[in-house]
Amino acid sequence: MAREKLGLNRRELIAGLGAAALTPTWSATGAAQAGPILDLRIRADRLALRPGAPDTPVLSLGEANMRFNRGDKVELAFDPNLRNGMARLRGMDDDGSATQQDSARPSKRATQMVLRQAGTFLCDLGLFPNDQGWPTRARPLIVRESEPVTVDRDETLLIEEWRVRADGTAIPPGAAPDETAVFYTLNGKPSLDVSARSNERLRLRFINGSQRTIIAVKLESVEVRVVAIDSQAAEPFPARNGALVLAPGSRVDAFVDVTAPPGSNLKIHLHEGKEIRTIGFVIVSRDPPARPTPLPPPPPLPSNGLPARLDLKSALRVDLALDGPDWIVPTSSGASSAPAFRAKAGRVVVLALTNRAAIATVFHLHGHHFRLLDRLDDGWKPFWLDTLAIEPGQTHRIAFRAEYPGRYLIESVATEWAAPRLVRWYAVE
């Protein structure tokens, strides 16, 4: 049976951008005051993946450095010729009430939004194919906290996966990976050096930009303390065995106190279930230490204001299998579909997510962050998420407060390269 396709217009696609952090501030006239530009236009790009071999052509989204401050009113700039390659923002969704406006700059179509939450976000083109059939590079989006955060360096580490044929061309996720080699890049390079001095504190923002693969990242000879997950602050805790496990699209902010002696080269390892790769180094300078002793344990990052408690007793409860005929393939045209559920604004929703596939499946919720409930449904893990990997045959329950009226996407994708990305949507009324 052919799988149904989801038809989305530009307004509905903007609703799928991803916006716990964004609140729309639409101008009635389109003559809005100029502000920072969040550039989501597509560009041709090339990656040097193999020494001595031709570069691999890919597409890139936006600018390499997209950093803003919490509270910034940004103008979203889209390519006016963009058809099937629509961007989404991991961790951010607006309420779907947008209307397109003509910009004073004719090369762009603009929508204004306010960055109301700080954190590490991800812009990518994973929902739709492009005319060239090339894979696309994602872009980190960093929204800085309003309050000062005590770190010496703030580095973003975007890990991406590529499947490359012998002729140097790369295939996009969803295509059969026959006769391809696997490559990983860190910020677009096969290996990346991060410089530091002894007794410095680094804030490392790890992002799994792979579209299908769960990865583990481990730093050699340092203590890694998690301070945020999926753009939301967490009570700081040490990473188990010093490793960070990231599902596709997940983000983890970690504080790393560099205590190794000057001149040390500390490896950054990546493990994707088959082999361990070295994808970078923390290079400890031979300069004098930044301070006589390391900094004391860090306090939590400032909260984005998510609710401290969730009332599970009166929650709307929905069973949601992560496959089946109701899940459809997104495209630029086709039939619309019914919502997975509807919730009143302000009500708590509990989703029972069941993976009936024979392989791990990744679930992503747009528009809201959720708590992962304990097995007995009597509490939750002490952090917020928007992405969750579920093993075969397992059911996980999550809970969130439906705070923002609108229509939002939910995604499901199996962790194999050729698997299609499937979507449904839900409504908050």
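Within the stretch 348-386, whose backbone N sits under 20 Å from a point 7 Å along Cα→Cβ of Asp323?
Residues passing the 20 Å test: 352-365.
Give me, ordered by chain and number, the residues 5 or more places off Ala360 or on other chains with an amide H under 5 Å from its own placed amide H.
Amide H to amide H, under 5 Å and 5 or more residues apart or across chains, Ala360 pairs with Thr415.
With charges set only on the Cβ (+1 for Lys and Arg, -1 for Asp and Glu), what does the dipole of the stretch 161-208 come to about its Cα centre, in debye to the nearest 20?
The calculated dipole for the stretch 161-208 is roughly 420 debye.
For Asn69 and Ala175 in the same chain, what is the full-extension length gain: residue separation times 0.36 nm, less their Cα-Cα distance, in nm?
Full extension of this stretch gives 34.4 nm more.
Relative to the Cα centre, what is the charge dipole magnitude of the stretch 293-429, using +1 at the beta carbon of each Lys and Arg, -1 at the beta carbon of each Asp and Glu, and rounding to the nearest 20 debye?
Roughly 360 debye, rounded to the nearest 20.
How far, in nm, would the chain grow between Arg50 and Arg291 when pulled straight, counting 0.36 nm per residue and subtracting the alpha carbon separation?
82.8 nm
Mind ranking His396, His368, His271 by accessible surface for me, highest first, 1.4 Å probe?
Order by accessible area, largest first: His271, His396, His368.
Averaged per residue, what accessible area in Å² does the stretch 294-359 show with a 1.4 Å probe, protein chains only?
For the stretch 294-359, the per-residue accessible area is 52 Å².
So for the pair Arg240, Thr278, with labels modelled 7 Å out along Cα→Cβ, what separation do we get in nm?
The answer from the label model is 2.8 nm.
Mind checking the alpha-carbon convex hull of the stretch 137-285 and giving the volume per residue in Å³?
Cα-based convex hull of the stretch 137-285, divided per residue, equals 113 Å³.
With θ taken as phi - 60° and the coefficients 6.51, -1.76 and 1.60, list the Karplus ³J(HN,Hα) couplings across the stretch 414-429 in order, rounded to whole Hz; mark glycine and proline as x.
Per-residue couplings from phi come out as 6, 8, 9, 4, 7, 5, x, 8, 10, 9, 9, 8, 9, 10, 10, 10 Hz.
If the stretch 159-244 were replaced by its equivalent ellipsoid, with semi-axes equal to the square roots of 5 times the Cα gyration tensor eigenvalues, what would those be, largest first, whole Å?
Over the Cα atoms of the stretch 159-244, the semi-axes work out to 30, 16, 11 Å.
Given Lys189/Lys267; Lys73/Lys344; Lys274/Lys381; Lys313/Lys344; Lys189/Lys381, which pairs have Cα atoms separated by over 25 Å?
Lys73/Lys344; Lys274/Lys381; Lys189/Lys381
Can you tally the net charge around Arg424? Count Lys and Arg as +1, Asp and Glu as -1, for every other residue whose Cβ sits under 10 Å from the Cβ of Arg424.
-2
What distance in nm separates the simple spin-label points at Asp374 and Ile359, each placed 7 Å from Cα in the Cβ direction?
3.5 nm
Probe radius 1.4 Å, ligands and nucleic acids left out: which of Arg240, Arg375 has the largest accessible area, and how do the rest follow?
Heavy-atom accessible area, descending, gives Arg240, Arg375.
The values are calculated or read from the model by the stated rules, or taken from the named source; none is laboratory data. Since the model is a prediction, treat every value here as computed from it, not as a measurement. Here the Cβ is made from the backbone with ideal geometry for all residues, glycine too, and neighbour counts use every protein chain on show. All accessible areas refer to the heavy atoms of the entire protein, side chains included, with ligands and DNA or RNA removed. Shrake-Rupley method; radii C 1.70, N 1.55, O 1.52, S 1.80 Å.
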